[in-house]
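To start, the structure itself, in structure tokens.
The values are calculated or read from the model by the stated rules, or taken from the named source; none is laboratory data. None of the values given here were measured: they were computed from a predicted structure. Cβ placement follows ideal geometry from the backbone for every residue including glycine, while neighbour counts extend to all protein chains displayed. Quick note on the areas: whole protein, heavy atoms, side chains included, nothing else; ligands and nucleic acids left out. Shrake-Rupley method; radii C 1.70, N 1.55, O 1.52, S 1.80 Å.
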Amino acid sequence: MLSLGIRPGLITSHTIVINDTLSYQVRLSKGHFGPDHYRLDVRATTTLGQLTVLHTCYHDLATAHQAFTHQCHQLQAC
């Protein structure tokens, strides 16, 4: 994976605004260590605060990116 030059940290993020009181942030990031290097997080922001809705780990970037795209499309369909 070092040959791809992807450093640990945020890879991509997308915010989906549903209405004035609800939005979702979908984040794909690379971890520093461990067998599951890529993390997909979905966070909901409401007037009451922020809540992590989904936290999933993946071994490879292609699967993680596909899950990121799928989550974005699902939330935009709301």
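Helix 61-76 and the longest principal axis of the C-alpha atoms of the chain enclose an angle of approximately 10°. Taking the charge dipole of the chain about its Cα centre, with +1 at Lys and Arg Cβ atoms and -1 at Asp and Glu Cβ atoms, the residue from His59, Thr69, Ala44 reaching farthest to the positive side is His59.
Shown in residue order for region 33-38 are the 3J(HN,Hα) couplings computed by the Karplus curve 6.51 cos²θ - 1.76 cosθ + 1.60 at θ = phi - 60°: 9, x, x, 9, 7, 10 Hz (x for Gly and Pro). Helical runs assigned H by DSSP (4 residues or longer) give the chain a calculated mean residue ellipticity at 222 nm of -7000 deg cm²/dmol, each run adding -39500 (n - 2.57) before division by the residue total. What relative contact order, as a whole-number percentage, does the chain give when Cα pairs under 8 Å and 6 or more residues apart are counted? This gives 25 percent for the chain. In this structure the chain gives 68 Å² per residue of accessible area when probed at 1.4 Å with all protein chains present.
In the chain, the portion of solvent-accessible area held by carbon and sulfur atoms comes to 55 percent [1.4 Å probe, whole percent, DNA, RNA and ligands not counted]. Summing Cβ point charges (Lys, Arg +1; Asp, Glu -1) relative to the Cα centre of the chain gives a dipole of roughly 160 debye.
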